[in-house]
Amino acid sequence: MFIHGVGENFELRADLNSEYRDRRKDAIKRVIANMTVGKDVSGLFPDVLKNMQTDDLEQKKLVYLYLMNYAKTQPELVILAVNTFVKDTEDPNPLVRALAIRTMGCLRAEKIIDYLCNPLSKCLKDENPYVRKTAAVCVAKLYDLKPELALDNGFVEQLQEMVADSNPMVVANAVTALTDIHDMATAAATEGTEPDPRAEFIINASVLTKLLIALNECSEWGRVAILSALARYKAQDEKESEHICERVVPQFQHANGSVVLAAVKVIMIHMRNVQREDLTKQLVRKMAPPLVTLVSSEPEVQWVALRNINLLLQKRADILQNEMRVFFCKYNDPSYVKIEKLDIMV
């Protein structure tokens, strides 16, 4: 077995250094296949690295994948790739720029972090929204590794400016990254010490407006991120709470259950400030159909929906008062779903 492994690596090394492009690409695919099933192909690092400078996007992705896998165990070798990464962040193709900055953020090797700052700074201001949204997430990864580096270079500040970006996907990713950083800072602040104010994600009235504008334009996970941020926002008065509720209600129609539940959470929180009885009744009435739809999903989603409904009913028992039948147990419901249904009916 060992002899076979050595023989195979020898053969792969020859192919990785072949003069024929197709042969080199095929060899990289075989290296990745071996890596995926747990074989040690770290010995081929210098040979794979030589194939990093290529116009073939697929090949580049495979080499990057290989580098990500071995960055932790071979940090001194990854340093050899830094120049190519930095060069790729200035490539004319935005996909290559985004791929390079994403991979640099995922490498998690101490030695590379210092080389990340300049390219990251450029990518955050890139004219292409795809590159900007990728760079936004990279800031959160950098903060996780070296918080002071992300703060001192003004990257977190840049993220706060990106909430006003013209592209909704960039806004969503900036919000996701800022929320992660805010949570990390809060978790790292031990009792008695305040989190670094530069790492706090403060949502004020102008940020609120931008979030509400971006909400309808982004992908489902972007919407979940924005809705989670809206749930944290403290409304200044009743009028503002009503405005938020009215803007969020359309999300009840979304096909993704996470979006629906995130929207329900926002409405439940901001409904506390709404004094108008007619509006409250209207919101509660609109909440019922999406929740009923979730209860007829596949068992795993159903269970999550039922757990949430259980909590909602403790706060507002009238939400599903006309929908008792939904909670009748079906013969083929898994036991964990039946238990939740019975608990709700009680």
*Starting from segment 295-346, pick out the GluC sites (Glu not before Pro) whose DSSP state is loop and whose Cβ has at most 16 other Cβ atoms within 10 Å.*
GLU323
_Which of LEU261, ASN9, ALA187, positive extreme of dipole for the chain (C-beta unit charges)_ = LEU261
*With a probe of 1.4 Å, find how much accessible area segment 149-199 has per residue, and write the answer as a whole number in Å².*
48
*Accessible carbon and sulfur surface of the chain relative to its total accessible area, %, 1.4 Å*: 53
*For Cα extents along the principal axes in Å, which listed value, (i) 77, 47, 39; (ii) 75, 52, 41; (iii) 70, 60, 48, comes from the coordinates shown?*
(ii)
*asked:* So for segment 210-346, averaging the separation of alpha carbon pairs under 8 Å that are six or more residues apart and normalising by length, what relative contact order in percent results?
replied: 18
*Return the FRET efficiency for the residue pair ARG108, ASP278: r is the Cβ-Cβ distance, R0 is 56 Å, and the value is rounded to the nearest 0.05.*
0.55
*Convert each backbone phi in segment 15-22 into a coupling constant with the Karplus relation 6.51 cos²θ - 1.76 cosθ + 1.60 (shift: θ = phi - 60°), then list the ³J(HN,Hα) values in order as whole Hz, x for Gly and Pro.*
5, 5, 9, 5, 7, 9, 4, 4
*Tell me, what is the percent relative contact order of the chain, built from C-alpha pairs under 8 Å that lie six or more residues apart?*
8
_Relative compactness, segment 287-346, computed as alpha-carbon Rg over 2.2 N^0.38 Å_ = 0.99
*Relative contact order [Cα under 8 Å, 6+ residues apart], segment 24-96, whole percent*: 27
*Listed here are the pairs LYS39/LYS146; LYS133/LYS315; LYS60/LYS111; LYS122/LYS234; LYS146/LYS239; LYS87/LYS210; which of them are more than 30 Å apart at the Cα?*
LYS39/LYS146; LYS133/LYS315; LYS122/LYS234; LYS146/LYS239; LYS87/LYS210
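The values are calculated or read from the model by the stated rules, or taken from the named source; none is laboratory data. Keep in mind the model is a prediction, meaning the values are calculated, not measured. Note that we place each Cβ from the backbone using ideal geometry, even for glycine, and neighbour counts take in every protein chain shown. Surface areas here come from the heavy atoms of the whole protein model, side chains and all, with no ligands, DNA or RNA. Shrake-Rupley method; radii C 1.70, N 1.55, O 1.52, S 1.80 Å.
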